[in-house]
Amino acid sequence: MRLVLLLAACSLTACASMDSAECRSANWYDLGFRDAIFGLQPQDNTYAALCSRHNVALDTQRYAEGWRHGNYEQQQRLGMSID
């Protein structure tokens, strides 16, 4: 349980700020997948706000696709069914 809380805290602090280079080099699919696999709700609005400060647009389609796949994988690992 401590490991899960530590991972969640680390992932939340990682998205607390993104600099220009991180926004420009971000793999939005991978970020969406990571957020979902850690059980987070979609963070696309947060990333969009952070990266808009650096004039970088979030690829919402890629992020959403990654989040859907990560959410599916998380549910499968937990043995939950998805309707």
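Just so you know, all these numbers are worked out from the coordinates, no wet-lab data involved. Since we're looking at a predicted model, the values are computed, not measured. Virtual Cβ from ideal backbone geometry, glycine too; neighbours counted across all protein chains shown.
The set of residues from the range 16-25 being farther than 28 Å from Leu78 by Cα and in a loop (DSSP other than H, G, I, E, B) comprises Ser17, Met18, Asp19. Contact map, the range 51-70: first residue without any contact (Cβ under 8 Å) to a residue 40 or more places away in the chain, second residue of a type in the set (Lys, Arg) and assigned to a helix (DSSP H, G or I), Cβ cut-off under 8 Å, separation 6 or more or different chains; pairs are His54/Arg24; Val56/Arg24; Gly66/Arg34; Gly70/Arg34.
Selection of helices (runs of 4 or more DSSP H) fully inside the range 27-83 by the criterion of at least 2 residues being polar (S, T, N, Q) and farther than 16 Å from Ser17 by Cα returns 60-78.
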